[in-house]
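Here the structure is laid out as structure tokens; the discussion comes afterwards.
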Amino acid sequence: MLTIALSKGRILDQTLPLLKCAGIDIAKKELNSRKLILNTNIDDVKVIIIRATDVPVFVQHGAADIGIAGKDVLLEHGAAGLFELLDLKISQCKLMVAAESKDNLKQQTLKIATKYVNCTKQYFEKRGQQIEIIKLYGSMELAPKVGLAHCIVDLVDTGNTLKANGLMPLENITDISSRLVVNIASFRTKNAQIKKWVSNIESQI
Ligand code: ATP
Ligand code: PRP
């Protein structure tokens, strides 16, 4: 049996067509059910649909053999227990520093609102900037407006959310897209099966 962990939310809308083209189809009835382990058209392939941040955790521990998640989530989690095999080129955006103006970054201790705590620490540590992180789980763009932080680190695509909240994109930390990861042990024990599906998916990117 091969288990594939998919991220709920916006990545899923682009993942399902990609999997379908690669030969793995999940019936509407399965998707609309409350089941957490879904059957596919392939007898020995099952799919679990979970929160994006949980995907690397499931794959790291071998609860799923393959996972599809954003590079942002993977960077934040770290590479332990998994190999990144494919850039699926879907859900593309950028992890950026944003603030009301460039001057807001000129602080002895920069207060940053973000859910990307590890990525943010690494980025600012490299240039020796002292920071204080305010961990949020969403709506980061609100933080500078209400005086919670000097700036934010968050995903930016069109820039509309920043603009609507009076912020400007200032520094690009890294480009983001969805990646296919595999559990290191599964890659050894289920090598032929994994390689076959990875190659099918790769041909559809
Ligand atoms: P959760 O609901 O579990 O907290 P979330 O709200 O971060 O997760 P989504 O907003 O669906 O979940 O985002 C999932 C992934 O989609 C992100 O990890 C990122 O890789 C990608 N993503 C998020 N925002 C954008 C965007 N504006 N444009 C393109 N890709 C994005
Ligand atoms: C993401 C991200 C930004 C927004 C950026 O939020 O956290 O807020 O998209 O996209 P834009 O540059 O095209 O405006 P999302 O819509 O996923 O909402 P959430 O993180 O609050 O769930």
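The values are calculated or read from the model by the stated rules, or taken from the named source; none is laboratory data. Predicted model only: the values in this text are computed from it and were never measured. All Cβ positions, even for glycine, are placed from backbone atoms using ideal geometry, and neighbour counts span all protein chains on display. Accessible surface areas use protein heavy atoms only, side chains included; no ligands, DNA or RNA. Shrake-Rupley method; radii C 1.70, N 1.55, O 1.52, S 1.80 Å.
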Elements of type strands (runs of 3 or more DSSP E) contained in segment 1-91, each with 2 or more residues being without any contact (Cβ under 8 Å) to a residue 60 or more places away in the chain
37-39, 45-50
Residues of segment 144-185 classified as more than 30 Å from Leu2 (Cβ to Cβ) and in contact with a His (Cβ under 9 Å, 6 or more places away or on another chain), total
1
Sole exception among (1) polar (S, T, N, Q); (2) within 16 Å of ligand 1 (Cβ to nearest atom); (3) over 20 Å from Val73 (Cβ atoms) for Ser139, by number:
(3)
In segment 72-103, which residues are open to solvent by 40 Å² or more (accessible area, probe 1.4 Å) and within 14 Å of ligand 2 (Cβ to nearest atom)?
Gln92, Lys94
Boolean, Gln193 is outside any loop (DSSP other than H, G, I, E, B), farther than 30 Å from Ser101 by Cα and open to solvent by 20 Å² or more (accessible area, probe 1.4 Å):
yes
Unmet criterion (only one of (1) away from ligand 1 (no atom under 16 Å from the Cβ); (2) touching a residue at least 60 places away in the same chain (Cβ under 8 Å); (3) open to solvent by 80 Å² or more (accessible area, probe 1.4 Å)) for Val146:
(2)
Looking at (1) open to solvent by 40 Å² or more (accessible area, probe 1.4 Å); (2) in contact with a strand residue (DSSP E or B) (Cβ under 9 Å, 6 or more places away or on another chain), find the lone condition where Asp25 falls short.
(2)
Thr158 vs. criteria hydroxyl-bearing (Ser, Thr, Tyr) and open to solvent by 80 Å² or more (accessible area, probe 1.4 Å):
yes
Give me a count of the residues in segment 196-205 that are of a type in the set (A, V, I, L, M) and surrounded by 20 or more Cβ atoms within 10 Å (Cβ to Cβ).
1
Is it the case that some residue within segment 173-186 is under 18 Å from Ala64 (Cβ atoms), without any contact (Cβ under 8 Å) to a residue 12 or more places away in the chain and more than 20 Å from the chain's Cα centre (by Cα)?
no
Taking the stated definitions as given, is Tyr123 assigned by TED's automatic domain parsing to the domain that holds Gly159 and buried (at least 22 other Cβ atoms within 10 Å of the Cβ)?
no
Considering only residues that are open to solvent by less than 50 Å² (accessible area, probe 1.4 Å) and of a type outside the set (A, V, I, L, M, F, W, C), look in segment 166-190 and name the one that is farthest from ligand 1 (Cβ to nearest atom).
Ser186
